[in-house]
1. Taking 0.36 nm per intervening residue step and subtracting the Cα-Cα distance, what contour gain separates residue 31 from residue 221 on full extension?
2. I'd like the Karplus ³J(HN,Hα) series for region 122-128: coefficients 6.51, -1.76, 1.60, θ = phi - 60°, whole numbers in Hz, and an x wherever there's a Gly or Pro.
3. Between residue 98 and residue 156, with labels modelled 7 Å along Cα→Cβ, what's the label distance in nm to one decimal, could you check?
4. Express in whole angstrom the spacing between the alpha-carbon centres of region 1-59 and region 78-135.
5. Could you tell me what fraction of 2.2 N^0.38 Å the Cα radius of gyration of the chain comes to, as a two-decimal ratio?
6. Evaluate the charge dipole of region 5-247 about its Cα centre and quote only its size in Debye, nearest 20, assuming +1 on the Cβ of each Lys and Arg and -1 on the Cβ of each Asp and Glu.
7. Among 56, 223, 108, pick out the residue whose Cα is farthest towards the positive end of the charge dipole of the chain, where Lys and Arg carry +1 and Asp and Glu carry -1 on C-beta, about the Cα centre.
8. With θ set to phi - 60°, apply the Karplus curve 6.51 cos²θ - 1.76 cosθ + 1.60 along region 93-102 and write out the HN-Hα couplings as whole Hz, x wherever there is a Gly or Pro.
Amino acid sequence: MARRKLIAGNWKMNGNLAALAELQGIVDAAAANPKVDVAICPPFTLIAPAVAAQPALAIGAQDCHEKASGAHTGNISAAMLSEAGAKLVIVGHSERRADQFESDALVQAKAVAAIGAGLIAIVCVGETEAQRDAGEAIAIVTGQVRGSIPADATAEQLVVAYEPVWAIGTGRTPTVQDVADMHAAIRATLNETLGAAGPAVRILYGGSVKPDNARELLAVNDVDGALVGGASLTAAQFVPIIEGGAAVS
């Protein structure tokens, strides 16, 4: 099944108003490469200014609360993100699972809230170094998929992003075969969990995607795009990844 590539940038806790100047080059690249979808997920404070500066670019958020409103100091609801102009939201990122102890059930609740507010939910999954070394990688990740995605989600509402947590800051790099094997396992799990919708859900790869490896990774079967961290902070780094996605689309 043909699925449009999605190249999504996660700025994490980086960026300020001046950094929004980088978006023009990204918008220009998106326009020049219409075979791929492009999105940027800046910090909460930059969502509305980014939308105002570049209304043609899909702007997303990095998290949302599972409740619509209430006594949840410091949190933000999916409806608030939508009102600010966001079109999608990352939930269950490995850093939140580790630092904020987010469970699969919580991630699923956030995805449900996001979809209910009209946002696309990018649900992140991935195994640690210890889990991979123990031979548990596929079992862990497919278990996260089952526990974290809403069972009635459609391909228009849901994206899954695979992050090999074990490759972050360790000097270890997944092989193309590692990536292919995990994406195939995720696809099989999506088909099992979502039925007819499973084959159409996009699966992004999120393991240190850079200009020099993007094209090779994006050509792998069932890699339907990339969730890009540091390389999304500048147009100079992010644009070649967009172009890499377009080249294999």
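Any read-out appearing in this document is the output of simple, stated calculations on the displayed coordinates, not a laboratory observation. Please read all numbers here as calculations on a predicted model, not as lab measurements. When we count neighbours, we look across all protein chains shown, and the Cβ atoms used for this are built from the backbone with ideal geometry, even at glycine.
1. On the way: separation 190, 0.36 × 190 = 68.40 nm, distance 2.51 nm.
Difference between extended and current length: 65.9 nm.
2. My calculation for region 122-128 gives 9, 8, 9, 9, x, 9, 7 Hz in order.
3. Once both label points are built, they end up 3.7 nm from each other.
4. Distance between centres, Cα-based: 19 Å.
5. Values: Rg = 16.7 Å, N = 249, 2.2 N^0.38 = 17.9 Å.
So the chain has a normalised radius of gyration of 0.93.
6. On the way: 15 positive and 25 negative charges, 68 e Å.
Once rounded to the nearest 20, the dipole reads 320 debye.
7. After comparing all options, I get 56.
8. 4, 4, 5, 6, 4, 7, 7, 10, 6, 6
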